[in-house]
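Right, one structure below, let's go through it.
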Amino acid sequence: MDLHLSGSVVVVTGASQGIGFALARAFAAEGARIAICARTPSRLEAAAATLRAEGADCLAIPADLTEPDACQRVIDTAAAHFGRLDILINNASTNVDRTPKSLEDATDTQLTERFMGKTLVAIKASRAAIPHMRAAGGGRIVCIGGTAARSVFRGGERPSNGSGLPQGLGNSALCNFVKHLSEEVAADQILVNVVHPHLTRTGRHPDRVANRAAAQGISVAEAEAQIAANFPIGRVIETDDIAPLVLLLASRLSGAITGQSITIDGGALRGVAY
Ligand SMILES: NC(=O)c1ccc[n+]([C@@H]2O[C@H](COP(=O)([O-])OP(=O)(O)OC[C@H]3O[C@@H](n4cnc5c(N)ncnc54)[C@H](OP(=O)(O)O)[C@@H]3O)[C@@H](O)[C@H]2O)c1
């Protein structure tokens, strides 16, 4: 299937590693031109060098997206460099895996950290992208949420042991934002969706496995096996599992899917979402 992504200009936020990097690489493999950003310049440049070595036309923009004007600057820089902007992937998020065990333990900062470090960043980047997408005759915004938007994890289910409340607050607010924005910009042919990965093997994963192993007094291999057993497909999600859906939603082929929240969980969530 030709996704018609060749030549499209894509911004992927938080793309120096993990899911963002895998997405940038997948877009580049389809011939898209990509701008990536992250806070740590050395890791960002290393990621860009890898993508360029694979043939990508890749611009690296160092930025801490939580700083007041950073989202606007990143989007405008990418659009000016490539002459247009077609697709925005809101992926960046600070890692808040070490969350408190309960609401009573949580500080206000911990409760709002995911919203401020992810949801508000996605909102501001989207706002900055809309005029460029209108000028391009349409666009696609895909936000990377997380299954905490849809599920409350019982003690022991989360490998990190902490409450998923901060992640849930941030990711469910992201869904609400996506639905609102999809209404606002549909007539401009800008389609907006959110994809929720479940536990995915990124740089965050080894810590989670180690935490579970330490908490239960088991080996790392046993902890890994326990986590995998929670997935009916028999394994955790890999970063390359996220790309096919995100690329399809970002494609011009997908001209009528908007305002939707779609989960990639290997069957792990048991609720019926409709
Ligand atoms: N991994 C999972 O199990 C999982 C599950 C559900 C949802 N998700 C979601 O998927 C997305 C990616 O997760 P991941 O596991 O791939 O994350 P990751 O490996 O921790 O990578 C995060 C990326 O975002 C960048 N970043 C973080 N804060 C930033 C900021 N303030 N400004 C600019 N860039 C920033 C990081 O680079 P710097 O640190 O250099 O800035 C890095 O490139 C996140 O939205 C996460 O919530 C992940």
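Just so you know, all these numbers are worked out from the coordinates, no wet-lab data involved. Computed from a predicted model, the values in this text were never measured in an experiment. We place every Cβ from the backbone using ideal geometry, glycine too, and count neighbours over all the protein chains shown.
Equivalent ellipsoid of region 1-89: semi-axes from √(5λ) of the C-alpha gyration tensor, largest first, are 19, 15, 10 Å. Multiplying the residue separation of GLN72 and TYR274 by 0.36 nm and subtracting their alpha-carbon distance yields 69.2 nm.
Counting only whole DSSP H helices of the chain, the ones at least 20 Å long by C-alpha along their axis and with mean Kyte-Doolittle hydropathy no lower than -1.0 are 120-135, 165-185. Can you give the net charge of the other residues whose Cβ lies under 15 Å from the Cβ of HIS132, counting K and R as +1 and D and E as -1? Local net charge: +4. Under the criterion of Cα pairs below 8 Å and six or more residues apart, the relative contact order for the chain equals 19 percent. Within the same chain, aspartates and glutamates fewer than 8 places from LYS118 are excluded, and of the rest, those with a Cα less than 13 Å from its Cα are ASP64, GLU67. Would you work out which of PHE231, SER251, THR263 lies farthest towards the positive end of the dipole of region 197-266? Charges go on Cβ: Lys and Arg +1, Asp and Glu -1. Of PHE231, SER251, THR263, it is SER251.
Taking the empirical scaling 2.2 N^0.38 Å for compact globular proteins as reference, the chain has a Cα radius of gyration ratio of 0.98. Note on VAL152 and THR50: with the Förster distance fixed at 35 Å, the Cβ-Cβ geometry gives a FRET efficiency of about 0.40.
Entry note, region 1-141: relative contact order of 25 percent, from Cα contacts under 8 Å with a spacing of 6+ residues. Placing a pseudo-label 7 Å from each Cα along the Cα-to-Cβ vector at LEU253 and ALA225 gives an inter-label distance of 4.0 nm. Simple spin-label estimate for ALA29 and ASP108 gives 4.6 nm between the two label positions (7 Å along the Cα-to-Cβ direction from each Cα).
The residues neighbouring VAL220, those whose beta-carbon lies less than 14 Å from its own, together hold a net charge of 0 under the Lys/Arg +1, Asp/Glu -1 convention. For region 125-274, the relative contact order is 30 percent, taking Cα pairs closer than 8 Å that sit 6 or more residues apart in sequence and dividing their mean separation by the residue count.
Normalising the Debye intensity of region 43-106 to I(0), with uniform scatterers on Cα atoms only, and taking log10 at q = 0.14, 0.18, 0.24, 0.25 Å⁻¹ returns -0.59, -0.82, -1.19, -1.24. In this label model, ASP240 and ALA215 are separated by 3.0 nm, measuring between points 7 Å along each Cα→Cβ vector. Placing unit charges on the Cβ atoms of the charged side chains and taking the dipole of the chain about its Cα centre, the candidate lying farthest along the positive direction among ALA149, MET116, GLY31 is ALA149. This model, with +1 at the C-beta of Lys and Arg and -1 at the C-beta of Asp and Glu, gives the chain a dipole about its Cα centre of some 140 debye.
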